[in-house]
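First comes the structure, then the notes that go with it.
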Amino acid sequence: MSKKEAILDAALKLFTENGVRATSTKSIASEANTSEALIFKHYGTKDHLLETIIKKAYQTAVVETSLYLKGLSESAYINSMIELPIHLTRSNPDFWRMQYKIMPLNPISSRYHENFMRPCQLRLTECFEELGYSNPAMEAELLLIHIDGVWKYFAAHQPDVSIKKELIEVMKQKYTF
């Protein structure tokens, strides 16, 4: 692992555990077994370091989500979107825990998340329209509100996989086709 990657990993770990504001670049350097100067050389500021973590995680999430949702029928897409919180929080649990904690107060974090979800909203609206729902845009919005709450719950409380699956199955019952 390169020093640059070690810094990112250490920062993610400490941001998740302690929050961004409570984490100093000195503590990140210590955790990464490097110098503070190297952090500033690679990332400039703690805010830029945070944005790098967020950007990298969302780039990975976009690739994973695209592969997961590619080429699905309308009903399969909706069901897969309902399952998305399990996949996201399993693939990068520390990032989603950090994201849960910082998103309400961090405009960068919020912007990346909105950009990540926008294509899903458009596709869900199309799916609900094709399936004959009377108000497809609102149906998509409602489902995304549920999905948003579910991933945040999973990130914050880290329930057992069986609980996660049960919750998802209950959500799927609303959309039986």
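The values are calculated or read from the model by the stated rules, or taken from the named source; none is laboratory data. Predicted model, so just to flag it, every value in this text is computed and none were measured. Please note: Cβ atoms are built from the backbone with ideal geometry, for glycine as well, and neighbour counts cover all protein chains shown. What goes into the accessible areas is simple: the full protein's heavy atoms, side chains included, and nothing from ligands, DNA or RNA. Shrake-Rupley method; radii C 1.70, N 1.55, O 1.52, S 1.80 Å.
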Exercise. In the neighborhood of F40, defined by Cβ-to-Cβ distances under 14 Å, what is the net charge if each Lys or Arg adds +1 and each Asp or Glu adds -1?
Worked result: +3
Seminar exercise, completed: Karplus-derived 3J(HN,Hα) from phi for region 47-56 (6.51 cos²θ - 1.76 cosθ + 1.60, θ = phi - 60°), whole Hz, x at Gly and Pro, runs 4, 5, 4, 4, 4, 4, 4, 5, 4, 4
Exercise. What whole number of Å gives the distance from the Cα centroid of region 38-98 to the Cα centroid of region 148-177?
Worked result: 18 Å
Seminar exercise, completed: On the accessible surface of region 1-139, probed at 1.4 Å with all protein chains in place, carbon and sulfur together account for a percent value of 53 percent
For this session: Quick one: divide the alpha-carbon radius of gyration of region 18-75 by 2.2 N^0.38 Å and tell me what you get.
Result: 1.63
For this session: With +1 on each Lys and Arg Cβ and -1 on each Asp and Glu Cβ, and nothing else charged, work out how big the dipole of the chain is about its Cα centre, in Debye to the nearest 20.
Result: 660 debye
Seminar exercise, completed: Checked against the positive end of the charge dipole of the chain (+1 on Cβ of Lys and Arg, -1 on Cβ of Asp and Glu, about the Cα centre), the farthest of Y112, A10, I86 is A10
Seminar exercise, completed: Of every Cα-Cα pair in the chain, the percentage lying beyond 28 Å is 31 percent
For this session: Please tell me the relative contact order of the chain in percent, rounded to the nearest whole number, where contacts are Cα pairs under 8 Å and at least six residues apart.
Result: 24 percent
For this session: Starting with the highest mean, order 152-158, 115-121 by the number of other Cβ atoms within 10 Å, averaged over the residues of each peptide.
Result: 152-158, 115-121
